[in-house]
1. Could you work out how far helix 17-28 tilts from the main Cα principal axis of the chain, as a 0 to 90 degree angle to the nearest 10?
2. Leaving ligands, DNA and RNA out of it, report the carbon-plus-sulfur percent of the accessible area of segment 22-149 at a 1.4 Å probe.
3. Could you tell me which of Thr47, Ala73, Pro6 has its Cα farthest along the dipole of segment 1-141 towards the positive end, charges placed at Cβ (Lys, Arg +1; Asp, Glu -1), taken about the Cα centre?
4. Could you check what % of the DSSP bridge pairs in the chain are antiparallel, to the nearest 5?
5. Considering the options Ala157, Ile146, Gly136, tell which one lies farthest towards the positive end of the dipole of segment 84-227, charges being +1 on Lys and Arg and -1 on Asp and Glu at the Cβ, about the Cα centre.
6. Relative to the longest principal axis of the chain, what angle (0 to 90°, nearest 10) does the C-alpha long axis of helix 211-226 take?
7. Using a probe radius of 1.4 Å on heavy atoms only, what accessible surface per residue do you get for segment 1-155? Whole Å² is fine.
8. Could you tell me how many degrees, from 0 to 90 and to the nearest 10, lie between the Cα long axis of helix 127-136 and the main elongation axis, the longest principal axis, of the Cα atoms of the chain?
Amino acid sequence: MIAPGPILLLGAPGVGKGTQAKELVRLWGIPQISTGDILRANVAQGTALGKTAKGIMHRGELVPDSLVNEMVAVRLQEPDTARGYILDGFPRTLAQAHWLDGRLAATACCEPAQSLPLVAVSIQVDYNQLLRRISGRRNCPVCQTIYNIYSKPPQRAGFCDVEGAALTQRADDTEKAFAERMRAYAAQTTPVIEHYRELGRFTEVSGDGPIAVVAAGIVKAVERLRE
Ligand code: AP5
């Protein structure tokens, strides 16, 4: 098996980053670091960070770089990141990308798996598919399993297969917030994709098709980028 090292999953809101990150976690045994999930946990717990982030996230805007970078810095110190990790939803601005590049360069000497070069995979699906994925998404508040009423429904409508908990819809999965998230993505995250394209060790994969097929495409892409 390849040493996974740091992997970036990039792509528009609802493209399937979280779904695919969970597939890779199962395969490679490295953690998913989702800045969206960490922020939502802070909102749910009512921390100072959560209080700052709540309104910003509901509107579909981006949380300030300094807060997000600090959150990621703390998470990357956890021992489970030693063999690598999957960054899902980070970096999303050029300032975050430059911060991450700097951190990886600074820690390359002392954290062996993290000294592997970062590889970046951008997942692509068309706008109508994104809208359908966002409007159909439901989440388990207990185990965070991601469902979709159209493409991945639970066995019993409205309830998690694993926990039996009532499924919830994200507060930012409204058409209005989605439009703002797409605007933020086009303005602030597209330059991040271009940044990693220029650095190399970057590829695009189709996110259209069954989850397992998309996952196989990502695994192949990462293996190729690691050669
Ligand atoms: P975040 O949680 O990162 O949201 P996002 O990037 O908009 O992405 P999503 O989580 O909506 O989608 P996804 O690509 O993970 O898709 P999923 O796998 O769930 O961020 C939320 C907010 O937090 C931001 O707007 C911002 O405010 C803040 N934030 C987060 N990170 C930040 C940062 N770095 N800087 C600043 N602010 C930040 O799939 C979607 C649906 O599609 C699911 O229902 C799934 O079942 C379905 N699906 C998945 N794959 C398939 C498939 N192959 N076929 C059919 N259906 C599929």
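1. Once rounded, the angle reads 60 degrees.
2. About 57 percent, which is the carbon plus sulfur part of the accessible surface.
3. In segment 1-141, that residue is Thr47.
4. Beta bridges within the chain, antiparallel portion: roughly 25 percent.
5. The one lying farthest along the dipole's positive direction is Ala157.
6. 10 degrees
7. Ligands and nucleic acids excluded, the result is 44 Å² per residue.
8. Its long axis makes an angle of about 60 degrees.
The values are calculated or read from the model by the stated rules, or taken from the named source; none is laboratory data. Quick caveat: nothing in here was measured; it's all calculated off a predicted structure. Here Cβ is always computed from backbone atoms with ideal geometry, including for glycine, and neighbour counts include all displayed protein chains. We work out accessible area using only protein heavy atoms, side chains counted, and drop any ligands, DNA or RNA first. Shrake-Rupley method; radii C 1.70, N 1.55, O 1.52, S 1.80 Å.
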